[in-house]
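Taking it in order: structure first as structure tokens, then the write-up.
The values are calculated or read from the model by the stated rules, or taken from the named source; none is laboratory data. Predicted, not measured: the structure shown is a model, and the values here were computed from it. With ideal geometry, Cβ positions are generated from the backbone for all residues, glycine too; neighbour counts draw on all protein chains shown.
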Amino acid sequence: MRRVVLAIAALAALAPRAFADDDEAHGEKGRPVDKGAFGAGIILGEPTGICAKLYLKDDQAIQAAIGSAFVSGGFQVHADYVWHPWILQDRESYVLPVYLGPGLRVIDYSAAEGQKNHFALGVRAVIGMLFDFKTVPLDAFIEIAGVGEYDFGGSKLQAAFNAGAGVRYYF
């Protein structure tokens, strides 16, 4: 887990920054000018629920999700600050960037019968790929995240893993 976080941090530090010019026409490189900065949609995986993303700049955003954590059993909320340092493909109808960044997670673990629910607070390291359509205000994504958390129910540090895919509509 520690090696993965260090590898992601090293890649982020060495990566060239991705920029899109504000005066680019619709359908050219980068995100289209007329697409909104706020998107909301659904995420399937760990968690399964609703998600949102707010672009602060063309290559930086805050994303969040809230929903049920079926694998670990509970209710999860997380938020990440992500950068889009690499663009893998840039076509007339879509752009395919990679994103990564740090985040926070809070989860309320459901307890087995006869036990109490407990919650954990942790940090996330997320990396994902975004299929950002240029002709419609939608994007689709897939991501994985490593989580280091403190479980208040067992008073211990532990590692966890999140993975999800989803779609968002931009306003």
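Within segment 83-96, can one find any residue that is hydrophobic (A, V, I, L, M, F, W, C) and over 23 Å from Ala37 (Cβ atoms)? Checked against the condition, which is being hydrophobic (A, V, I, L, M, F, W, C) and over 23 Å from Ala37 (Cβ atoms), segment 83-96 yields no hits at all. Taken over segment 53-86, the residue count meeting the criterion of being of a type outside the set (S, T, N, Q) and buried (at least 18 other Cβ atoms within 10 Å of the Cβ) is 14. Scanning segment 64-89 for residues being under 23 Å from Val123 (Cβ atoms) and without any contact (Cβ under 8 Å) to a residue 24 or more places away in the chain gives a total of 4. Can you spot a residue in segment 112-119 that is at pLDDT 95 or above and touching an Asp or Glu at 6+ places or on another chain (Cβ under 6 Å)? The answer is no; no qualifying residue exists.
Kindly indicate whether Arg105 is in contact with a His (Cβ under 7 Å, 6 or more places away or on another chain) and assigned to a strand (DSSP E or B). Yes: the conditions hold for Arg105. Inspect all residues belonging to segment 93-109 and state whether any of them is of a type in the set (Asp, Glu) and over 23 Å from Leu157 (Cβ atoms). Taking every residue of segment 93-109 in turn, none turns out to be of a type in the set (Asp, Glu) and over 23 Å from Leu157 (Cβ atoms). The condition of being within 13 Å of Cys51 (Cβ to Cβ) and either under 13 Å from the mean Cα position of the chain (by Cα) or modelled with pLDDT of 90 or more (or both) holds for only one of Val82, Val136, Val95, that being Val82. The single condition from (1) under 21 Å from Tyr170 (Cβ atoms); (2) under 15 Å from the mean Cα position of the chain (by Cα) that Arg124 fails is (1). When you scan segment 125-143, do you find a residue that is surrounded by 20 or more Cβ atoms within 10 Å (Cβ to Cβ) and not in a strand (DSSP E or B), even just one? For segment 125-143, residues surrounded by 20 or more Cβ atoms within 10 Å (Cβ to Cβ) and not in a strand (DSSP E or B): present. Consider segment 90-109 and keep the residues that are of a type in the set (Val, Ile, Thr), free of Cβ contacts under 8 Å to residues at least 60 places away in the same chain and over 13 Å from Glu143 (Cα atoms). The one that is surrounded by the fewest Cβ atoms within 10 Å (Cβ to Cβ) is Val106.
Considering segment 144-171, and only residues there that are free of Cβ contacts under 8 Å to residues at least 24 places away in the same chain and loosely packed, with under 14 Cβ neighbours inside 10 Å, the residue that is nearest to the chain's Cα centre (by Cα) turns out to be Leu157.
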